[in-house]
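Structure first, commentary second.
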Amino acid sequence: MHLTHQMDLFPDKYVTQMLFKDVKNCAELRQSAVEGKISAALIKPTMLVGPFQVLVATNKAVHLQKHGKMKTRSLYSEIIFNLSPTNNISEAFKRFGVSDSDNSLLVVLVHKEKESELLSDLTKKVDGVQVPVDDIASLSDTAKIKKLYKVTAKEETCGTLMDAVVCRMATKDVI
């Protein structure tokens, strides 16, 4: 049900993604994350193309953390910020962070290999149905994603939506 990847550049770190739908307690979970009671990124899956997009944002966040260059206060807020095509932190949280009225949720956790109890603890806190992370495309709002990332029809003829989104995420600091 969840998807775990060992980070290539940081082999001691793992990224786990867990997708939930029919979530009834997003407001409570969001408040717990704000208060620091939940150590995970709580992301709105409607604004995601796929799990790879989250891996790119997480890899960049861990890299910036290791080098002391984060623009936000925590690793998990940096992951949410890195999903955004702009450098506006509050805008990133509005667009990609879970909101009180959401009914689906992607939980992203960065951990060491033997910390599986963290996964079960987080899973117990979510009042919803866990589904395979690969089902994220069924929750995506493609029209909103294309509008936010300013993806043109011509651009889609030579690459995928994922290519365009990841490109925007990767180059936002340069442009």
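The values are calculated or read from the model by the stated rules, or taken from the named source; none is laboratory data. Fair warning: this is a prediction, and the values are worked out from it, not measured in the lab. Glycine gets a Cβ as well: all are built from the backbone with ideal geometry, and neighbour counts include every protein chain shown. With ligands, DNA and RNA removed, areas are computed over all heavy atoms of the protein, side chains included. Shrake-Rupley method; radii C 1.70, N 1.55, O 1.52, S 1.80 Å.
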May I ask you to say which residue of Leu83, Leu42 is in contact with a helix residue (DSSP H, G or I) (Cβ under 8 Å, 6 or more places away or on another chain), at pLDDT 95 or above and more than 25 Å from Glu156 (Cβ to Cβ)? Leu42
Exactly one of Ile79, Ile89 is open to solvent by less than 20 Å² (accessible area, probe 1.4 Å), aliphatic (A, V, I, L, M) and out of contact with any Asp or Glu (no Cβ under 9 Å at 6 or more places or on another chain), and that one is Ile79
Going by what's in this entry, would Phe52 be described as under 25 Å from Val166 (Cβ atoms), among the aromatic types (Phe, Trp, Tyr) and open to solvent by less than 60 Å² (accessible area, probe 1.4 Å)? no
Residue satisfying all of: in the stretch 1-31; buried (at least 16 other Cβ atoms within 10 Å of the Cβ) and out of contact with any helix residue (DSSP H, G or I) (no Cβ under 9 Å at 6 or more places or on another chain); farthest from Ser138 (Cα to Cα) among these: Tyr14
Would you mention how many residues in the stretch 65-114 are under 22 Å from Gln6 (Cβ atoms) and touching a residue at least 40 places away in the same chain (Cβ under 8 Å)? 12
Among residues of the stretch 137-158 being among the small types (Gly, Ala, Ser) and under 25 Å from Leu19 (Cβ atoms), the residue surrounded by the fewest Cβ atoms within 10 Å (Cβ to Cβ) is Ala143
Number of the condition not met by Pro11 [criteria: (1) touching a Pro at 6+ places or on another chain (Cβ under 7 Å); (2) at pLDDT below 95; (3) not small (Gly, Ala, Ser)]: (1)
Give the stretch 8-26 a look and list any residue that's touching a residue at least 60 places away in the same chain (Cβ under 8 Å), part of a loop (DSSP other than H, G, I, E, B) and of a type in the set (D, E, K, R), or say none. Asp12, Lys13, Asp22, Lys24
